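**Student:** My questions will all concern the structure given below.
Taken together, the values in this text are just the output of simple stated rules run on the coordinates, not laboratory data. Quick caveat: nothing in here was measured; it's all calculated off a predicted structure. Note that each Cβ is placed from the backbone with ideal geometry, even for glycine, and that neighbours are counted across all protein chains shown.
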Amino acid sequence: MSAGRPDPAGRPPTLPTRITHRFELFRGREWAWLGMGAVAALAWPLLVTQHWLHITNLSLIAVMGAVGLNLLTGNARLVSLGQAAFLAIGGFSAGAMAHHFAAPFWLSLIVAMLLGGLFGLIVAIPSLRLKALYVAITTLALHFGVTAAFAVYLARVIRSEGILIDPPHFGFFELYDAAPWYYFLLVIAALVVIGALNLQRSHLGRRWVAVADHEVASAALGISIYRAKVSVFVITSMLVSFAGCLGAYYEGVVTEGFYDLHLAIAYLAMIIVGGLGSVLGSILGAFLITLMPYGLDFLLKIGGIKISAGSISGMHSVLYGLLIVGFMLFEPLGLAEIWRRVRDYFTLWPFKYRPLDQLRQR
Amino acid sequence: MKVEARLEIRDVRLNFGEIEALRGVDCGVPSHGITALIGPNGAGKTALLNTVSGIYRPQSGEVLLDGEDLVGLPPHAVAKAGVGRSFQHLELFPRLTVTENLLVARDFLFSGDPVSSMVFYGPARRQEMRHREAVESIVDFFELWPYRDVLAKTLPYGVQKIVGFARAMASEPKLLLLDEPGSGLTRDEKEDLARFLLRLRDDRKIPILWIEHDLDMVLDLADRIYALDLGRVIASGDPGEIRDNAAVAASYVG
C-alpha cells in the first residue's frame, strides 16, 4: 500500500493506471487453439467408428447436464442430489409430449425447460434457509418424489416399461443417425458452454458465488439472498431438464430405471473430477466419466481379458470410487486445474509463475 | 444534535433473550464528518451497526436515514437505501477477485434478465463496462492497482482489510459504516487507513460511522465520538471532551 503518497494538496496520486479488464471470452492465441479444436471436432465423425461416435454424443449430452450442475454445486455451493430428477423431468416431458400430443421436438424442449424451472422453484423454496450439504437432503427428497411419480405414471397411464419417442424432424430431415446427432449436439453444447461462461462472469454469476461465500456480507451489500438462490436453482434446473429432454430424444426411449440415484452421483463425480466451479472442468469431467466404463471395456477387450458382466459392473463402481477419492486427495481442483498447470508450464516457460497482474485464474 | 443528521438512532433497544445488547441507544451521524464509536468489548458497537444494517431487528426504537425509518427493512434493502458497510472479520468473497468483490457491492445497480447475461453482448456488456469504470475509480482511490485481478483469498491481511473498506464504498453510499477497519493493521497500513478516512471526509464528503479500538487514532481523526458501554451511550462529544471524560476512562480501565 506504499505506492503513491498523496501530494501536499491532498489530491489523489496520479499514477498511470493499466486497465486489465477483459470483456471478451477469448482473445489472441486462444482463438487459434479454438479454431484447431473446431476443425478437429468437425472431422471427428470421419475418424471414429459409430460406437465411439455414440459415446461422444452421450458425453456431449452429459456436458450440458454437468455444466448446469456445476453452476449450482460448484459456483453457488448448493450440493444437489436432484440431478437425475431434473434429467428425468426433461426426459418424461419429452416422452409425455410425444405420447399424448405428438408434439414437435422444439415444443418438448420448451416444456421440459418450463417444468424443470418450476420444479427448481419448488425445491429452491425449502432450500432457502439451508446451506451446502443440507440442500442435498431436499434435492434427494425431490429425487425420490419425482422418480416415484414417473414410475406410477408409467404403470398407470402408459401401462408399459417406457415410452418410445420418434426421432426429431426438421422438415424432411430426420435426426436419427449418430453423425447428424453429433453435429447437432456439438452446436447446442457449444452454445450452452458459452452461455455458462458468460453467466459466470456476469453479475448473476458473481452474485451466486458471493452468496455462497458469505451470506450476511452479501445481504449487507444489497443482494437479495432469496432472489440469488431461487435464480440459481431455476436457471440450472431449466438447463439440466433441457439436457434430459435432448438425452431422451437421442435414446429414443424413456424409462424410469435410467434415472436412478447412480446417475445423480455420476454427475457429481463429473464435476468433482473435472473441477468445481469451472466450465472447462464440467466438460472434461463429463467426457471422462461418460467414457470411463466404455474405456475399461475397450481395454479389457484389447487385453484379451474375459470377465463376467457382473464383475465388470463391479469394476466400474470401484473405478468411480477410486477416481473421486483420488481427485479429492491429490487434485481437489480437478482436471481443469491439471489442464491449467500444463498450459501454464508451456506458455510461461522458461518462467514458473505468472506476473502479478495476470494472476486471475480462469 | 444538528438537524441535518444523515443517520439518527433513537432509543434503540435490542435483546437476545435475557441478554440486553442495546439498552436505549441514541446517537446521530451528521451529513458531514467522521463519527467514531468506541467502547470496550461487548459494549454493543457491532450490534448497533448490525441493527442499522438490518441484520438485527431491534425490539424498539427508530433508525432514521435522512428521516426514513430503516427498522424492519431486510439488509439488502438497507444497502439499497444508501448504507455502505464493512465488516470487522474479513468477509471478502474469497473465490472472487478484488475487482469482482467491488462489483458485488454494486450488484443491486445491475439490471437485466439471465438470458442477456448468457449472451453478454450489447446492453449487458455495456452495463458491465460502466460498472467496471466506477469500480476503477474506487481502485484508484484506495490504491489497489496491483491487486485488481488477485483472488481475495490470496491477499495479505492488511490489503484484505482495505479491500473490505473499499467494497463498502463501491456502491457510492450516502453513509459509510466501518467496523474496526484498523484492527490488526501495521503502523504503515494504519497511516494509509487514516489518509483514506480523511480523504473520504474532505474530498468525497461522505459521512462515516466508524468503530475503532485504537483510541489514539480515534482522538486524532474523529470529529465526534460516542462512547458505548454495556449497551448504553456513556459519553459523547468532540475528542477533547471524550479524552477528559471520567466515565470513558473508567469503562476502559475497568
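**Student:** Mind checking which of A:PRO45, A:PRO167, A:PRO350 has the largest fluctuation in a GNM of chain A, springs on alpha carbons under 10 Å?
**Tutor:** With Cα springs under 10 Å in chain A, the top fluctuation among A:PRO45, A:PRO167, A:PRO350 is at A:PRO350.
**Student:** Expected output is a single nm value to one decimal: the length gained when fully extending between A:TYR134 and A:VAL342, i.e. 0.36 nm times separation in residues minus the C-alpha distance. What is it? Don't jump to the answer; show the numbers that get you there.
**Tutor:** Values: separation 208, 0.36 × 208 = 74.88 nm, distance 3.59 nm.
The A:TYR134-A:VAL342 span can extend by a further 71.3 nm.
**Student:** Right, another one. What list of ³J(HN,Hα) couplings, whole Hz, do you get for the stretch A:338-351 from phi and the Karplus terms 6.51, -1.76, 1.60, once you set θ to phi - 60° and write x for glycine and proline?
**Tutor:** Couplings: 4, 4, 4, 5, 4, 4, 4, 4, 7, 6, 9, 3, x, 8 Hz.
**Student:** Give me P(r) over the stretch A:49-361, computed from all C-alpha to C-alpha distances, binned every 20 Å, as integer percentages.
**Tutor:** In whole percents, the pair-distance histogram is 31, 57, 12, 0.
**Student:** In chain A, which longest range has no GluC sites (Glu not before Pro) that are both DSSP loop (not H, G, I, E or B) and surrounded by at most 16 other Cβ atoms within 10 Å?
**Tutor:** Numbers: sites that count: A:GLU24, A:GLU161.
With a cap of 16 other Cβ atoms within 10 Å, the longest stretch comes to A:162-362.
**Student:** So, in Å, what gap is there between the alpha-carbon centers of the stretch A:212-232 and the stretch A:63-137?
**Tutor:** Cα centres, the stretch A:212-232 to the stretch A:63-137: 22 Å.
**Student:** Right, something else. Over every pair of different alpha-carbon atoms in the stretch A:175-263, take the mean of 1/r and invert it; report that Kirkwood radius in Å. The partial results should precede the final answer.
**Tutor:** Working: mean 1/r = 0.0642 Å⁻¹.
Computed over Cα pairs of the stretch A:175-263, the Kirkwood hydrodynamic radius comes out at 15.6 Å.
**Student:** Can you give the FRET efficiency to the nearest 0.05 for B:GLU62 and B:SER111, using r as the Cβ-Cβ distance and R₀ = 45 Å? Walk me through the numbers on the way to the answer.
**Tutor:** Working: r = 32 Å, r/R0 = 0.70.
It comes to 0.90.
**Student:** Quick one: compute a quarter of the convex hull surface over the Cα atoms of the stretch B:173-251 and quote it in nm².
**Tutor:** The Cα convex hull of the stretch B:173-251, projected and averaged over all directions, gives 5.7 nm².
**Student:** Can you grab the distance from the C-alpha centre of the stretch B:81-122 to the C-alpha centre of the stretch B:1-80, Å, no decimals?
**Tutor:** Rounded to whole Å, the Cα centres lie 25 Å apart.
**Student:** Within chain A, which is the longest segment that contains none of the chymotrypsin sites (Phe, Trp or Tyr not before Pro) sitting in a DSSP loop with at most 11 other Cβ atoms within 10 Å? Working shown, then result.
**Tutor:** Details: sites that count: A:PHE172, A:PHE351, A:TYR353.
So the longest stretch without any such site is A:173-350.
**Student:** Straight-line reach from A:LYS229: which aspartates and glutamates have a Cα under 13 Å away, not including same-chain ones fewer than 8 places off?
**Tutor:** By straight Cα distance, A:LYS229 reaches A:ASP213, A:GLU215.
**Student:** Please give the direction-averaged projected area of the C-alpha convex hull for the protein assembly as shown, in square nanometres with one decimal. Kindly include the intermediate steps, with their values, before the conclusion.
**Tutor:** Working: hull surface 136.3 nm².
Quarter of the Cα hull surface area: 34.1 nm².
**Student:** Quick one: which residues, 5+ away or cross-chain, put their amide H under 5 Å from the amide H of B:ALA235? H built at 1.01 Å from N.
**Tutor:** Hits under the 5 Å cutoff: B:ALA227.
**Student:** So if I take the alpha carbon set of chain B, get Rg, then get Rh from the Kirkwood formula, what is the Rg over Rh ratio?
**Tutor:** Numbers: Rg = 18.7 Å, Rh = 19.0 Å.
Reported Rg/Rh, Kirkwood definition of Rh: 0.99.
**Student:** How far is helix A:29-47 tilted, in degrees, relative to the longest principal axis of the Cα atoms in chain A, given as a value from 0 to 90 rounded to the nearest 10?
**Tutor:** 10
**Student:** Please give, to one decimal in nm, the separation of the simple spin-label points placed at A:LEU191 and B:ARG232, each 7 Å out from Cα toward the Cβ.
**Tutor:** 6.9
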